[in-house]
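Below is one structure, written out as structure tokens; the observations come after it.
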Amino acid sequence: MRYGISVPNLGDPRRLADLAVSAEEHGWDGFFVWDHIAGDHRGPRPACDPWVLLGAVVARTERLTMGPLVTPLARRRPQKVAREIVTLDHLSAGRAVMGVGLGEPADEFTAFAEDGSRRARAQRLDEGLQVLDAAMSGETVTLYGHHVEVDAVRFEPRPVQRPRVPIWVAGIWPNRAPFQRAARWDGVVPLVAGTEGLPLPTPEDVGEICSFVAGMRPAGPFEVVVSGLPGHEPTAYEQAGATWWLDGCDSDEAGVSDLAARVTQGPPRS
């Protein structure tokens with residue numbers, strides 16, 4: 001199992017970049033950042049752009065795996081995201097990961113006159129993933145979807161990682177559709193229905209998810225990424241099949257401060 005930290009893109013971006021540096025210095029393996037527009041379930045908050053923050057982290061680290069976790073691809077232009085993730089992959093010499101999901105809350109769509117229905121978000125997510133995959137292949141991209149169109153465009157350069165930057169897909173268990181989607185890519189970030197903040201599946205949930213996904217994909221590397229909170233023990237999750245444990249926090253000032261203190265203690269390796 002590898003260990004990382006998961007931070008909100010809320011608050012002072014300089015402090016969050018410092019936190020990434022501290023994580024690397026204290027033996028953590030990854031740094032991942034949320035992607036909200038103006039706040040979270042607590043309401044409006046000072047927010048920063050996750051891609052700009054990740055660029056700052058790349059410049060100050062040498063070892064950390066990093067990426068958005070998760071970005072709502074449905075509210076971003078996939079051609080722009082393709083440029084961003086490949087640039088991050090080159091700047092980091094192959095340390096980038098692309099975390100995606102439908103995006104919550106829905107009002108981050110509807111407040112800007114965009115369709116926030118789950119069906120529309122799911123369609124845009126799947127079409128956006130097709131664009132990302134094709135853009136990273138080095139081949140000419142042509143796609144005429146319900147929401148996304150690309151007319152014979154070739155994206156260069158290809159990412160450092162092959163065949164592409166790994167794509168991790170978030171999903172709310174026990175809904176099956178997000179996990180069927182995740183099985184087509186490189187990893188899954190399981191959440192749990194009926195929870196807020198940083199939801200944590202049980203080890204039993206993780207075992208069921210691993211079995212469900214394994215039945216839909218060939219053998220090979222696949223990441224199962226669990227976000228935890230203080231007081232949770234990662235060992236049972238590793239035994240259930242999790243490959244990443246992310247130490248997270250609430251999005252308020254006290255939560256980030258507490259995470260910063262935990263980071264200096266190093267990852268909870270068994």
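In this structure the amide hydrogen of Ile172, modeled in the peptide plane, comes within under 5 Å of the amide hydrogens of Leu191, none closer than 5 places in sequence on its chain.
Within the chain, the proportion of C-alpha pairs whose separation exceeds 25 Å stands at 43%.
The label point for Glu156 and the one for Lys80, both projected 7 Å from the Cα toward the Cβ, are 2.5 nm apart. The value given for segment 129-270 is a Kirkwood hydrodynamic radius of 17.2 Å, derived from the mean inverse Cα-Cα separation.
Each Lys and Arg contributes +1 and each Asp and Glu -1, all at the Cβ; summed about the Cα centre of segment 2-263, the dipole is approximately 740 debye. When shorter helices are ignored and each DSSP H run of at least 4 residues is given -39500 (n - 2.57), the per-residue value for the chain at 222 nm works out to -10500 deg cm²/dmol. Roughly speaking, what is the centre-to-centre gap between segment 124-183 and segment 13-79 when only Cα atoms are used, to the nearest Å? A separation of 21 Å, based on Cα centres. By the count of neighbouring beta-carbon atoms within 10 Å, fewest first, Val256, Val131 end up ordered Val256, Val131. Fully extending the segment from Asp258 to Arg217, taken as 0.36 nm per residue of separation minus the present Cα-Cα distance, adds 10.9 nm.
Electrostatic bookkeeping for Ala106 treats Lys and Arg as +1 and Asp and Glu as -1; over the other residues with beta carbon under 11 Å from its beta carbon, the sum is -2. For segment 218-225, in order, what is each residue's ³J(HN,Hα) by Karplus, 6.51 cos²θ - 1.76 cosθ + 1.60 with θ = phi - 60°, in whole Hz (x at glycine and Pro)? Computed from phi, the couplings for segment 218-225 are x, 4, x, x, 7, 8, 10, 10 Hz.
We did not get these values from a lab; they are worked out from the coordinates using the rules stated. Predicted, not measured: the structure shown is a model, and the values here were computed from it. Cβ atoms come from the backbone with ideal geometry, glycine included; neighbour counts cover every protein chain shown.
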